[in-house]
1. Using θ = phi - 60° and the Karplus curve 6.51 cos²θ - 1.76 cosθ + 1.60, what whole-Hz ³J(HN,Hα) does each residue of region 57-62 get, with Gly and Pro shown as x?
2. For an R0 of 35 angstrom, estimate the FRET efficiency from the Cβ-Cβ distance between GLN64 and PHE392 and round to the nearest 0.05.
3. Rounded to whole Hz and in sequence order, give me ³J(HN,Hα) for region 230-236 from the Karplus expression 6.51 cos²θ - 1.76 cosθ + 1.60, θ = phi - 60°, writing x for Gly and Pro.
4. If you place +1 on the Cβ of every Lys and Arg, -1 on the Cβ of every Asp and Glu, and leave all else neutral, what size is the dipole of region 329-378 about its Cα centre, to the nearest 20 Debye?
5. Ranked highest first by average number of other Cβ atoms within 10 Å, how do 401-407, 94-100 line up?
6. Using modelled amide H (1.01 Å from N, peptide plane; none on Pro or chain starts), what sits under 5 Å from the amide H of ARG405, excluding residues fewer than 5 places away?
7. Excluding LYS412 itself, calculate the net charge of residues whose Cβ lies under 11 Å from the Cβ of LYS412, where each Lys or Arg counts +1 and each Asp or Glu counts -1.
8. Return P(r) of region 302-410 (all Cα-Cα pairs; 10 Å bins starting at 0; whole %; ordered from short to long distances).
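Just so you know, all these numbers are worked out from the coordinates, no wet-lab data involved. Source: prediction; values computed, not measured. With ideal geometry, Cβ positions are generated from the backbone for all residues, glycine too; neighbour counts draw on all protein chains shown.
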Amino acid sequence: MSSTTLPYPSRPHPVYTRWRRAACATVAALACGIASIASAQTEGNFETPPTLKVGELVAKDLLQGKGLTVEEKVPTDGIMGIYTIKADKATFGEDAGSYQVRSRELLELRLAEVPAILQLNDTSKLGTFAKSMGATAVRPLEATGHMVMNPIDTVTGLPSGVGRLFDRVGSGVGRAVGSEAVPGSGGEEGGAANAVRDVLGYEQERRALAKKLGVDPYTSNPILAKKLDDFASAAFYGRVGVNTAISMAVPASMLLTGVRTIDNLVWDTPRGDLIVRVETKLQELNVTQAQRSLFLHNPAVPLSLQVAVVENLDRLKDVKGRQDVIWQVGSVATESQARFLATAVRMLADYHEKKPLATVTAPGPILGRDRAGNLIVPMPVDYLSWTERVAFFAKNSELLAAPQRTLWITGKMSPRAKTEIVANGWSVSEGTMP
């Protein structure tokens, strides 16, 4: 696959590159410890993360789609599931294959993109489009399934699990980074060609098409990104009514972030204005230049996700420590890690609007504290097992010093994990607001 087909820069920002090299040595050992496992059994004082049935983690109605299936067995790594999507050749043609993603959230996002891909494929066969698109007609990308669904993980060679975030708690990891800056924004292509297309209206056509299909215009799925490019080009240069031909509406299940106002902001705001909006909010948060650079130019954080993070941080009115979150999100290696943190920020913003928080920190997972010093830890996990790294977090002396401690789990946890966590003085809220 050529670098031009990827929906993020082919040359990562220097700050991210240096961080990635430093991180490789640290996480290499962790990669060896997250091998796929077949059964839940106890090894020593800890659990072996189980392999579960996909129906135990994901709503069954989301697993049904034309021409695709999700592998029944889902290995877990102690925190997230590892899902395999299989697309058949009869329906997807050259896009057929087995695609692997980590985390239920990213799986649901990728499944929501499938109807859009099929709709674009069907529309491209119409005589009007076949003629107008000509040499630029929609063509499937020649890529392996793993590259398609998890391109950043493949390129960096780093483990995509969020588990490594737990290892940072209490580790005193330094935060010195360079302050170099390059034009553009993480998760997008740069250069004069894009600027010209934005001015002429191409970018507006692409966003309108993405909204019609209910997908992220800044998606990291290169197959969908390429098709959006081709159709937007046909609409703009060939004056073809793409939006008239696309009949799909936007079902609620396809919302990008779970907050409609942010979804509409991404769909309805020009790309350049979105970038300015993000940068302005970072300045309002007094984020340093180095932290802004790391956040804005990290290819693992699409522009739409940047918007979600800063908008939800803005909802945390008068809460100290929000700059810490920007550094943490900017330092992630993969999109699944970025989405874990972004969802945690949204959960804290929801909580704050009901019961005010005083501070937020991000030593790994994101932590909120209320005015009494009580701790609330949002955990958008798939399945939590009692592993060594989870125990390291649950028994951390600094966290245990809080008067009250609550884990807010959106997924499930093993009976052993719940017993151990409660025994260490934590309250556990599963699936609902504490």
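1. After applying 6.51 cos²θ - 1.76 cosθ + 1.60, I find 10, 10, 4, 4, 5, 7 Hz.
2. Working: r = 39 Å, r/R0 = 1.11.
Once the sixth-power term is evaluated, E becomes 0.35.
3. For region 230-236, the Karplus-derived couplings read 4, 5, 5, 5, 5, 5, 7 Hz, x marking Gly and Pro.
4. On the way: 6 positive and 4 negative charges, 27 e Å.
For region 329-378, the charge dipole is close to 140 debye.
5. Working: 401-407: 16.4, 94-100: 18.0.
Output ranking for 401-407, 94-100: 94-100, 401-407.
6. Hits under the 5 Å cutoff: LEU375, SER427.
7. Values: positive: ARG104, LYS418; negative: GLU56, ASP382, GLU430.
Summing Lys/Arg as +1 and Asp/Glu as -1 gives -1.
8. Taking all Cα pairs of region 302-410, the binned fractions are 14, 49, 32, 5 percent.
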